[in-house]
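Heads up: the structure comes next, in structure tokens.
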Amino acid sequence: MQLATMLDAGLLPSVALATVGKDQTELKSTLRRARGLVERGVDLPSALKRAKAISEFDFELLKSAAVAGQLGSGLRHIAEHRAQQLARVNSLKAALWMPKAVLFVGALAGLFIRIASYKQPPVTAFTTILLIVCLVLVSSHLFIRIYCLDRRLWLSWMWPIRIIRTQSLRFKQNFEQLFYRSFIWQYSGGVSTEQALANCQKLLTSPTFQANVEQAIHSVAKGTSTPQALLQNDLVLSKRMRQTLKLANQAGTLETAVNQELTLQQDDIDRRQLNDIKWIPRAYYVIILVIVFWYML
């Protein structure tokens, strides 16, 4: 966020990296490498990628923002997205603490019951209980990792599955946040529609998605309006965005209309994520109780 603010203020990337590096002790070596690359003539997105400060997906997003002269906005968006991911992970881990405590209490009780009541050998009872606890903890860890995956990974994996693209509101909103934010950055920065779409083509690794974008590029080159090209080539997933583009096409207010819809969408996504943090621990608590009473006691 600090780097984005400095770039928006007009500082050179090398100067901004040097300033941020003084405050960010954990990232000092990474930022130093990025600054060295920038001073040798490497553009900032490539320098951050080579210094392993951003992922491949973040690089493509940042590169499209840089083309549009929206580098500060791109960095700010990536920082906010990462901060939200980290907050979700921490909130979820904290919320799962109590069910895990119940698991360990149940495991201890189950160990004594198996030895005292079922007359199991201590080694056998301990091994069985330990195996169950380890399986639950490993499954929990995997679930958290999957839940907090970068959305561009699962968007790429699931794009070819048409039923998900047409039925999953979560999929639709996350895709449109990614694709249209990048597209509008470039559109508002004066980048041609064909070039903006070509840059957006690399946001997902799915060949099916890239083929859809390629078809949209050809449609625009033949004279089709931008909203119509996007609509015709399955790049508009939600009903609200479809309606937004249709109205924007008639009124000539594409940038304003899409930005307003993206803001409303992000608010809805944030609410859904807060609800996830509420119900996932409750469901996990029930699962833990079932495991304790069914397998341990």
Inset, instruction - Would you mind giving the average projected area, over all directions, of the Cα convex hull of the chain in nm² with one decimal? - result: 19.2
Inset, instruction - Give a residue-ordered list of calculated ³J(HN,Hα) values for the range 173-187 (Karplus: 6.51 cos²θ - 1.76 cosθ + 1.60, θ = phi - 60°; whole Hz; x for Gly, Pro). - result: 5, 5, 5, 5, 4, 5, 5, 6, 5, 5, 5, 5, 3, 6, 4
Legend entry - trypsin sites (Lys or Arg not before Pro) within the range 189-297, DSSP loop, no more than 16 other Cβ atoms inside 10 Å: K222
Inset, instruction - Please give, to one decimal in nm, the separation of the simple spin-label points placed at A94 and C148, each 7 Å out from Cα toward the Cβ. - result: 1.3
Legend entry - Reachable lysines from K239, criterion Cα separation under 17 angstrom, eight or more residues apart if same chain: K172
Inset, instruction - Could you tell me which chymotrypsin sites (Phe, Trp or Tyr not before Pro) in the range 67-172 are loop residues by DSSP with no more than 12 other beta carbons within 10 angstrom of their beta carbon? - result: Y118
Inset, instruction - Enumerate the amide H contacts of Q120 below 5 Å, restricted to partners 5 or more residues apart or on another chain; note that Pro and chain-start residues carry no placed amide H. - result: I115
Inset, instruction - May I ask you to list the trypsin sites (Lys or Arg not before Pro) in the range 30-87 that are in a DSSP loop and have at most 11 other Cβ atoms within 10 Å of their Cβ? - result: R40, K52
Legend entry - Relative contact order computed over the chain (Cα-Cα under 8 Å; 6+ residues apart), in percent: 20
Legend entry - Accessible surface, per residue, of the chain when the full set of protein chains is kept, probe 1.4 Å, Å²: 53
Inset, instruction - Binning at 5 Å from 0, report for the range 79-178 what percent of all alpha-carbon pair distances ends up in each bin. - result: 2, 11, 15, 14, 12, 11, 9, 8, 7, 6, 4, 1
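The values are calculated or read from the model by the stated rules, or taken from the named source; none is laboratory data. Keep in mind it's a predicted model, so treat the numbers as computed, not measured. Glycine also receives a Cβ, built like all others from the backbone with ideal geometry; neighbour counts cover every protein chain displayed. Keep in mind that these areas ignore ligands, DNA and RNA; they rest on the heavy atoms of the full protein, side chains included. Shrake-Rupley method; radii C 1.70, N 1.55, O 1.52, S 1.80 Å.
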